[in-house]
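Below is one structure, written out as structure tokens; comments come after it.
The values are calculated or read from the model by the stated rules, or taken from the named source; none is laboratory data. None of the values given here were measured: they were computed from a predicted structure. Positions of Cβ are generated from backbone atoms using ideal geometry, with glycine treated the same way; all protein chains shown enter the neighbour counts.
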Amino acid sequence: MTGLVFAVVILAAALHAAWNALVKGGADKSAAMVAVVVGQGLFGAALLPFVPFPAAESWPYLAGSVVLHMLYQVFLMQSYRFGDLTQVYPIARGVAPLLVALTSAFILGVTFSSLEIAAVAMISIGIASVSLVRRGDGIVQGKAAVLALITGCFIAAYSVTDGLGARQAGTALGYYGVLSALDAVIFAGLARVWRPGLLGRSIALKRTLFLGGGASFIAYALVVWAFTQAPIALVTALRETSIIFALMIGVFLLGERLSLAKVLSTALTLAGAVLLRVGRA
């Protein structure tokens, strides 16, 4: 992983945490989630005239990814209804790197150095352990934890799918432009049928629509490009260091509690990111 790819994924991690905080901090979390998805679709549609169209070999991946992204969005939306950002986010993001690494090793045949394996493990444990400190507060939301775990499985699934799809597409931006536009159209249609009035409330959230949608689009566009430059598992693990940014946002902007355990968990995640950079270098 080059220094450029490393920096790009860290930037994507910060943007990813920012839009998650917008969804969690909103009074109507369902409307906020739909607004982010529609917003990223608008950015994707605006990009399409300026980038190549993805090759036909990537279309099956696109179709599967649209389904996986929609399931991820639904479960994330439900997770935030029951749990804090500092509980839901670590579980959902912590399980993904391990699942992607296992898939890469046992299904895709990717080999990793011992340092890279240790780095992925440290990042995953560091992220997931943040959620465990809620037990000390006595307010663990069990339903939120289960929903977040399922969300993490979908994150792993769409990460592998998009990594392979972008490589087949021949254009990372073209691939994600089509993906985000399709995702927005279908998700908006489902939202309109599922909850009448939800789509209208979402579009009215202009800040979330444009800022959240824009942050989400840029964040994942950078990640999809990185998938074509470095092993999918390593990009996924590094992207999940967004927990560091999510923790800061949760504490300083959303008023969630900070503890020594959270600080130590974040430090372990950061150490894993550093080790990942050293291992690939």
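Numbers at a glance
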{"quantity": "Qualifying position, being over 16 Å from the mean Cα position of the chain (by Cα) and closer than 21 Å to ASP84 by Cα, among ALA191, ALA204, ALA261", "calculated": "ALA261"}
{"quantity": "Residue that is surrounded by the fewest Cβ atoms within 10 Å (Cβ to Cβ) [pool: residues in segment 29-46 that are over 18 Å from the mean Cα position of the chain (by Cα) and at pLDDT 95 or above]", "calculated": "ALA46"}
{"quantity": "Residue under evaluation LEU254, criteria (1) surrounded by 15 or more Cβ atoms within 10 Å (Cβ to Cβ); (2) in contact with a Lys or Arg (Cβ under 8 Å, 6 or more places away or on another chain); (3) among the aliphatic types (A, V, I, L, M), criterion not met", "calculated": "(1)"}
{"quantity": "Unmet requirement for VAL51, which otherwise passes all of (1) over 28 Å from THR269 (Cα atoms); (2) crowded, with 17+ Cβ neighbours inside 10 Å; (3) touching a Ser or Thr at 6+ places or on another chain (Cβ under 7 Å)", "calculated": "(2)"}
{"quantity": "Any hit, segment 6-19, residues being assigned to a helix (DSSP H, G or I) and free of Cβ contacts under 8 Å to residues at least 60 places away in the same chain", "calculated": "yes"}
{"quantity": "Answer residue from segment 207-225, given it is of a type in the set (Gly, Ala, Ser) and within 19 Å of PHE75 (Cα to Cα) and is nearest to the chain's Cα centre (by Cα) among those", "calculated": "SER216"}
{"quantity": "Members of segment 207-245 found to be closer than 17 Å to GLY94 by Cβ and surrounded by fewer than 24 Cβ atoms within 10 Å (Cβ to Cβ), listed by number", "calculated": "ILE244, PHE245"}
{"quantity": "Of all residues making up segment 57-69, the number that are aliphatic (A, V, I, L, M) and farther than 18 Å from TRP225 by Cα", "calculated": "3"}
